[in-house]
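The values are calculated or read from the model by the stated rules, or taken from the named source; none is laboratory data. Quick caveat: nothing in here was measured; it's all calculated off a predicted structure. No Cβ is skipped: glycine too gets one built from the backbone with ideal geometry, and neighbour counts run over all protein chains shown. The area values use the complete protein model at the heavy-atom level, side chains included, leaving out ligands, DNA and RNA. Shrake-Rupley method; radii C 1.70, N 1.55, O 1.52, S 1.80 Å.
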Amino acid sequence: MNVNIEATWKQHLNEEFDKPYFANLTDKVRSEYRHGPCYPPGKLIFNAFNLCPFDKVKVVIIGQDPYHEPGQAMGLSFSVPEGIVMPPSLRNIFKEIEDDLGKPMPTSGDLTRWAEQGVLLLNATLTVRAHEANSHQKLGWDFFTDAAIKALSRHRQGLVYMLWGGYARSKRYLVDQQHNLVLESVHPSPLSANRGGWFGQHQFSRCNEYLISKGQKPIDW
């Protein structure tokens, strides 16, 4: 199957595109988009991969599925386009960055600049039906996004994996933890962050210290 995805990712995931599950997944996603509003826009489904080539990845942040209200989802986990009000989880991410690194809260929730520096903002499920969180979770996206994480773990070392919340933490088994740094915490959502375990973890400075120790340029969060 000819999938419009960035060339280095296509090289590493080519086998997935020819598997029966991917053909089935593609049919289901197309049907969903035909029958009602779904997010993100079709051209942005693989945005995380297209903005962050395989050999440029430094950090992996795993989300669950896209935002499900109009105008929010842009194919990057936790990110919203310029001009869209920041969701609470993203505000808490920036609050922790402010406390950790002294960077003031930005006015925009567009994380494209992170992706372009090597942060793979990967949702485990890449699409969603409007107004229905997790509505595409059982379509088969996990097979594909797990394969992407496995490919990184197999072929790349010295990466930082940031796993926030139980769902993301369940993916730790996909990562070679001997040759990469895995940072885990509760989810930045107010439901969990305000109970403790999100704020004060210094994940962003720890991430950058690790990257520097591996001869990599730190991320400008």
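Share of segment 128-186's accessible area from carbon and sulfur, percent, 1.4 Å?
46
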Using a 1.4 Å probe, how large is the accessible area of residue 84, given in Å² and rounded to the nearest 10?
-> 60
Probe 1.4 Å, all chains present, heavy atoms only: residue 217 accessible area in Å², nearest 10, is 150
Please report how far the C-alpha centroid of segment 39-88 lies from that of segment 147-161, rounded to the nearest whole angstrom.
-> 19
For segment 104-158 the trypsin sites (Lys or Arg not before Pro) that pass both the DSSP coil test and the at-most-16 other-Cβ-within-10 Å test are 138
FRET E, pair residue 8, residue 213, Förster distance 22 Å, beta-carbon r, rounded to 0.05 | 0.30
Which whole-number value in Å² is the accessible area per residue of segment 1-128, probe 1.4 Å?
-> 45
